[in-house]
Amino acid sequence: MLAFTAATLLTPQAALDHALLLVERGRVVDVVARSAREIPPDISPIDFGSHVIAPGYLDLHIHGSAGHDVMDDSPDALPAIERLLARHGVTSYLPTTVTAPMDPTLRALERLADAIEAHEAARRKTHDDWHEPKTSKSSRSAGPLDGGPLAGRAQPLGIHLEGPFISHARRGVHSPEFLLPPRLETFECLWQAARGRIRMMTIAPELDGALELIAAASARGVCVSLGHSDGDFAATERAISAGARHATHTFNAMRPLSHRDPGIVGAVLSDERVTADLIADGVHLDPAIVKLVAKAKGLERIVLITDAISATGMPDGRYPLGSMEVDVKNGRCESGGKLAGSVLTMDRAVRNLASFAEWDLPTAAAAASRNPARVLGSNNKGVLAAGADADFIVLDRDGNVIRTFIAGLESRL
């Protein structure tokens, strides 16, 4: 068993002062106040002093980073992306596709399914083969992930399919020639290539066939997210009733909100059945709009995403996004004069949300951990509680990531 202590720990309910976190076999054993439970005498706790222990972040929408795209066929792509994610506090994520020709898309889905299954197998082995560190003062446990190929890397939980079932009118930079109408047989082809690993799908609700596909995908446990849409209020509400329950980068690539034509944005902001994600980089949304979305959706229905592309963590230049190329300069990503993803990292997004919405750090951090985990229906991610996965980060009081632990193992990258 490993023991960690800190001045504060963020639980699902509140911030716990003078906290003790106990971890074994990659899972949380207990979270209590230090005064409420004695540490076994043979264990030397790892004390993080005045810092904050928080659940690891979960990014539902990320295309790449570190010079690589999640659809790359290079064996170096996902490892590089997952290491950079871990450096910025992301312990799990959904690799997100963009609209592309069908054959490359299917191959990418197969590769992503392979990666997801490899991580799951490594997790199981960690749980089965866990043993204590050689010295009780070590903050890093020995085990199958320790020094192995997946050590210190964020875990892909499933795939986010962004496109091809989106609107031509609000496609953003998605290639128009590869957009497809929502059809069950097309989705089935994608589903089979991904071996059932699609966890989220962005779709425009106004498209012919969308309601049938929304209902079918929802029945398989897919979180259907509304986005890249020119839909009106009524079409959006019909989609929500059919099973859609989330919104993709709210306001961006959506029919604009009008006082006489509320459209998709009006439905997303007003319908309590829907959670909403946003890109809090100060580029995609004005800080005042971030605050507006936060107020409209509340503390538990707002989700931070990065929509990060391969340029994240890299110098200005030209970078791939699926089959496209994007020019990046001064934190702005554009293709053909249109915004094309971001270079945002999740730790920065949390700090920005806290500033823009005037929220405290625990509340903002929940929008990157607890809330996205709930969107996926996961009880083991995004929280620090007995039985949850021991994915956690150590933050300073300003929200900077000091250390990252995945399955109880420290990420040293």
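For the reader, a short list of remarks on this structure follows.
- For GLU110, the criteria (1) at pLDDT 90 or above; (2) surrounded by fewer than 21 Cβ atoms within 10 Å (Cβ to Cβ); (3) within 19 Å of the chain's Cα centre (by Cα); (4) of a type in the set (D, E, K, R) hold in every case but one, which is (3).
- Qualifying residue in region 284-303 (condition: modelled with pLDDT of 95 or more and touching a Pro at 6+ places or on another chain (Cβ under 8 Å)): yes
- Test: residue in region 103-115 that is touching a Phe, Trp or Tyr at 6+ places or on another chain (Cβ under 6 Å), over 22 Å from ASP327 (Cβ atoms) and touching a residue at least 60 places away in the same chain (Cβ under 8 Å): no
- Yes/no for PRO262 being in contact (Cβ under 8 Å) with a residue 24 or more places away in the chain and more than 20 Å from HIS61 (Cα to Cα): yes
- Of ILE46, ILE62, all but one fail to be crowded, with 16+ Cβ neighbours inside 10 Å and closer than 30 Å to LEU112 by Cα; the exception is ILE62.
- Among the residues of region 1-18, the ones that are hydroxyl-bearing (Ser, Thr, Tyr) and either part of a strand (DSSP E or B) or touching a Cys at 6+ places or on another chain (Cβ under 7 Å) (or both) come to 2 in all.
- Of all the criteria given as (1) within 22 Å of the chain's Cα centre (by Cα); (2) outside any strand (DSSP E or B); (3) more than 30 Å from SER310 (Cα to Cα), the one not satisfied by LEU78 is (3).
- Per the conditions (1) modelled with pLDDT under 95; (2) surrounded by 22 or more Cβ atoms within 10 Å (Cβ to Cβ); (3) among the small types (Gly, Ala, Ser), the sole criterion not satisfied by SER323 is (2).
- Within region 228-252, tally of residues that are on the phi > 0 side of the Ramachandran plot and buried (at least 24 other Cβ atoms within 10 Å of the Cβ): 2
- Scan region 192-220 for residues that are part of a strand (DSSP E or B) and more than 14 Å from ARG245 (Cβ to Cβ) and the total you get is 1.
- Look at (1) buried (at least 18 other Cβ atoms within 10 Å of the Cβ); (2) assigned to a loop (DSSP other than H, G, I, E, B) and you find that ALA385 fails only one, number (1).
- Of all residues in region 173-182, one or more are touching a residue at least 24 places away in the same chain (Cβ under 8 Å), more than 20 Å from LEU109 (Cβ to Cβ) and aliphatic (A, V, I, L, M).
- Per-region count, region 230-263, residues closer than 24 Å to ALA349 by Cα and not in a loop (DSSP other than H, G, I, E, B): 3
- The set of residues from region 356-413 being charged (D, E, K, R) and touching a residue at least 12 places away in the same chain (Cβ under 8 Å) comprises GLU358, ARG370, ARG374, LYS381, ASP389, ASP391, ASP396, ARG397, ASP398, ARG403, GLU410, ARG412.
- Residue match in region 322-335 (condition: of a type in the set (A, V, I, L, M, F, W, C) and out of contact with any strand residue (DSSP E or B) (no Cβ under 7 Å at 6 or more places or on another chain)): no
- When ALA294, ALA276, ALA311, ALA267 are checked against the criterion of being among the small types (Gly, Ala, Ser), assigned to a strand (DSSP E or B) and surrounded by 15 or more Cβ atoms within 10 Å (Cβ to Cβ), ALA276 stands alone in meeting it.
- For the criterion of being at negative phi, in contact (Cβ under 8 Å) with a residue 60 or more places away in the chain, in contact with a Gly (Cβ under 9 Å, 6 or more places away or on another chain) and of a type in the set (D, E, K, R), LYS329 fails.
- Just one residue in the set ALA296, ALA288, ALA357, ALA367 is under 21 Å from HIS228 (Cβ atoms), touching a helix residue (DSSP H, G or I) at 6+ places or on another chain (Cβ under 9 Å) and small (Gly, Ala, Ser); that residue is ALA296.
- Any hit, region 13-29, residues being buried (at least 17 other Cβ atoms within 10 Å of the Cβ), touching a helix residue (DSSP H, G or I) at 6+ places or on another chain (Cβ under 8 Å), of a type in the set (A, V, I, L, M, F, W, C) and without any contact (Cβ under 8 Å) to a residue 40 or more places away in the chain: yes
The values are calculated or read from the model by the stated rules, or taken from the named source; none is laboratory data. Everything numeric in this text was worked out from a predicted model, so none of it was measured. Cβ coordinates were reconstructed from backbone atoms using ideal geometry, including for glycine residues, and neighbour counts include every protein chain displayed.
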